[in-house]
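Written out below as structure tokens is the structure these notes cover.
Please treat every number below as a calculation from the coordinates, not as lab data. Keep in mind that what you see is a predicted model, and the values were worked out from it rather than measured. Heads up, the Cβs are rebuilt from the backbone with ideal geometry, glycines too, and the neighbour counts pull from every protein chain shown.
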Amino acid sequence: MKSSSRLAGVIKNHEKEILADWIKEQLASTTLRGDLLKESELREQSRAFLAAVQAAVQKGGTEDLAGPAWADVKQLLAEISRARSLAGFSPSETATFVLSLKQPLFSRMTAELKSNAAELGEELWSITLLLDKLGLFTIEAYLKSRESVIERQQTELLELSTPVVELWDDIVALPLVGTLDSNRTQIVMETLLQKIVQTGASIAIIDITGVPTVDTLVAQHLLKTVAATRLMGADCIISGIRPQIAQTIVHLGVNLGEVTTKASLADAFQVALKRTGATIGKAKAEAAGAV
Amino acid sequence: MERIPILKMGQFLLVTIQVDMHDQLAITLQDDLTNRIAKERSRGVLLDISALDVVDSFIGRMIANISSMARVLDAQTVVVGMQPAVAITLVELGLPLEGVHTALNVEKGMALLRRQLAAGAT
């Protein structure tokens, strides 16, 4: 009897017992997350998985997991690990789902082949190989879904971190938060220049209050942005320079050249208003009250 | 031969680049423009590059050169309508065009030239 068809037969004949044992195993295991997964869901997942494995073993044998017979099992497993990774399971908790199937299968197989030690050893070995491969696949699927989350967050962060706001007619501001690397500078530059074209603004204020440190590289990136803005025909003011940062800039020997710099966004805004010829004043409430 | 038209508007000359710049065209433009400035005794040049979406270092230097040549002939140059991509490229090429005046569009460029002329006259 071929090894794969015996395994398929064993699963088929004893599906109920194996499933019961397996679920008991999972429920007893310390890595079960009762808080994240309902028992009914666990039962449903286990049942579907066992049935899929049985079908796949019968069709494609245990050696070739890349074959078409295993596609269903893999898809099911990928879905389960994705769901678990999103729900907050740890990798080992996720892998236990597959690996805990070993014990019930082993005991069934032992009962089946009690008399034939050599054949039993072979069967157990092939089951081990199969479940290990499936376990590794689970981990891979788990990591993949985690990585996709990280990637999505990174792009979201890049998009979120560069809002260009219109302060007034002809004045736009770009509050920078977080460290400036070349990647971000590129995006900052593009969004700022794009906004200048859109609004026809003649003054851009770059506020670096939220930039934790300014080293030579960051300063160079800032200067590049300023130069590009100037080429577009708009003036640039850098504001929000904290005392420590002013000290670092001078210590590093960075030459900010003819760029207008201001300590606070409010000061920069005043300069910008003056340059565009606009004025803001207090309403004459006091004068009206005195009369 | 292909040429870039130079339009006279009072004291100013308006140059609109609407075709892909290649090197020969750039050199011809330099020739024509300097000749026109001298002939018309123009006081300002508006160089509209809003249709230009690709630049290389040669064209970048050409823009800087035109500005310097015009200044020698006592005319101010204002480069207007530069595309964001062009601005970023020039900065990355290390050609920030120091000393060249820029404006967002022709209208603002014209206003800038008038202001400079008025400031120079008084």
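Work out which helices of chain B, taken as complete DSSP H runs, extend at least 15 Å along their axis over the Cα atoms and score a mean Kyte-Doolittle of 0.5 or more, then list them.
Numbers: long enough: B:23-40 (25 Å, -0.57); B:57-72 (23 Å, 0.79); B:106-121 (22 Å, 0.25).
Qualifying helices, which must be both long enough and hydrophobic enough, are B:57-72.
Computed FRET efficiency, Cβ-Cβ of A:Leu252 and A:Glu17, R0 51 Å: what is it to the nearest 0.05? Walk me through the numbers before you get to the answer.
Details: r = 73 Å, r/R0 = 1.43.
Approximately 0.10, to the nearest 0.05.
Could you work out [θ]222 nm for chain B from helices alone, using -39500 (n - 2.57) per DSSP H run of at least four and dividing by all its residues? Round to the nearest 500 deg cm²/dmol.
Numbers: 4 runs with 59 residues, N = 122.
Result for chain B, helices only: -16000 deg cm²/dmol.
Would you work out if region A:195-291 is rounded, prolate or oblate? Take a ≥ b ≥ c from the square roots of the eigenvalues of the alpha-carbon gyration tensor; rounded if a/c is under 1.5, else prolate when a/b is larger than b/c, oblate otherwise.
Working: a/c = 3.20, a/b = 1.64, b/c = 1.95.
Because a/c hits 1.5 or more and a/b fails to exceed b/c, region A:195-291 counts as oblate.
How big is the antiparallel share of DSSP beta bridges in region A:163-291, given as a percent to the nearest 5? Could you put the intermediate results ahead of the total?
Values: 3 of 16 bridges.
The antiparallel proportion sits near 20 percent.
I'd like the distance separating the alpha-carbon centroids of region A:119-162 and region B:39-104, in whole Å.
Centre-to-centre (Cα) distance: 55 Å.
Quick check: the angle from helix A:15-28's long axis to the longest principal axis of chain A, C-alpha only, nearest 10 degrees?
50 degrees
Can you give the longest stretch of chain B with no exposed loop site, where a site means trypsin sites (Lys or Arg not before Pro) in a DSSP loop (not H, G, I, E or B) with at most 16 other C-beta atoms within 10 Å? Write down the numbers at each step before the final one.
Values: sites that count: B:Arg3, B:Arg41.
Here the longest run is B:42-122.
Where does helix A:265-276 land angle-wise versus the long Cα axis of chain A, in degrees 0 to 90, nearest 10?
50 degrees
Starting from the Cα gyration tensor of chain A, take the square roots of the eigenvalues, sort them a ≥ b ≥ c, and report rounded, prolate or oblate (rounded when a/c is under 1.5, otherwise prolate if a/b is larger than b/c, else oblate). Walk me through the numbers on the way to the answer.
Working: a/c = 4.17, a/b = 3.32, b/c = 1.26.
Judged from the Cα gyration tensor, chain A comes out prolate (a/c at least 1.5, a/b above b/c).
Classify region A:54-137: rounded, prolate or oblate, from the alpha-carbon gyration tensor (a ≥ b ≥ c, eigenvalue square roots; a/c under 1.5 rounded; otherwise prolate if a/b is larger than b/c)? Could the numbers behind the result be given before it?
Working: a/c = 2.88, a/b = 1.61, b/c = 1.79.
Oblate shape, in that a/c is at least 1.5 and b/c is the bigger or equal ratio.
Just flag the GluC sites (Glu not before Pro) in region A:19-65 sitting in loop per DSSP whose Cβ has no more than 14 other Cβ atoms within 10 Å. Don't jump to the answer; show the numbers that get you there.
Working: sites: A:Glu25, A:Glu39, A:Glu41, A:Glu44, A:Glu63; in loops: A:Glu63.
Answer by residue number: A:Glu63.
Given Cβ point charges of +1 (Lys, Arg) and -1 (Asp, Glu) and nothing else, what value in debye, to the nearest 20, does the dipole of region B:6-121 about its Cα centre take? Don't skip to the answer; put the middle values down first.
Values: 10 positive and 12 negative charges, 136 e Å.
Dipole size: approximately 660 debye.
Out of region B:40-122, which GluC sites (Glu not before Pro) are coil in DSSP terms and have no more than 14 other C-beta atoms within 10 Å?
Numbers: sites: B:Glu40, B:Glu92, B:Glu98, B:Glu107; in loops: B:Glu98.
For GluC sites (Glu not before Pro) across region B:40-122 that sit outside H, G, I, E and B with at most 14 neighbouring Cβ atoms in 10 Å, the list reads B:Glu98.
If you count, for every residue in B:79-86, the Cβ atoms of partner chains within 10 Å of its Cβ, what is the mean? Don't skip to the answer; put the middle values down first.
Working: counts 3, 2, 3, 7, 4, 13, 4, 4.
Partner Cβ neighbours, averaged per residue: 5.
Under a point-charge model restricted to the Cβ atoms of Lys and Arg (+1) and Asp and Glu (-1), what is the dipole moment magnitude of region A:57-196 relative to its Cα centre, in debye to the nearest 20?
Dipole magnitude for region A:57-196 comes out near 500 debye.
Amide H neighbours of A:Leu101 under 5 Å, at least 5 residues apart or on other chains, H built in the peptide plane: list them.
Distant-sequence amide H within range of A:Leu101: zero hits.
Please report A:Ser148, A:Ser85 as a ranked list, fewest other C-beta atoms within 10 angstrom at the top and most at the bottom. Working shown, then result.
Numbers: A:Ser148 12, A:Ser85 23.
Going from least to most buried by this count: A:Ser148, A:Ser85.
Taking the 0 to 90 degree range and rounding to the nearest ten, how far is the long axis of helix A:102-112 tilted relative to the main principal axis of chain A, both from C-alpha atoms?
Approximately 10 degrees, to the nearest 10.
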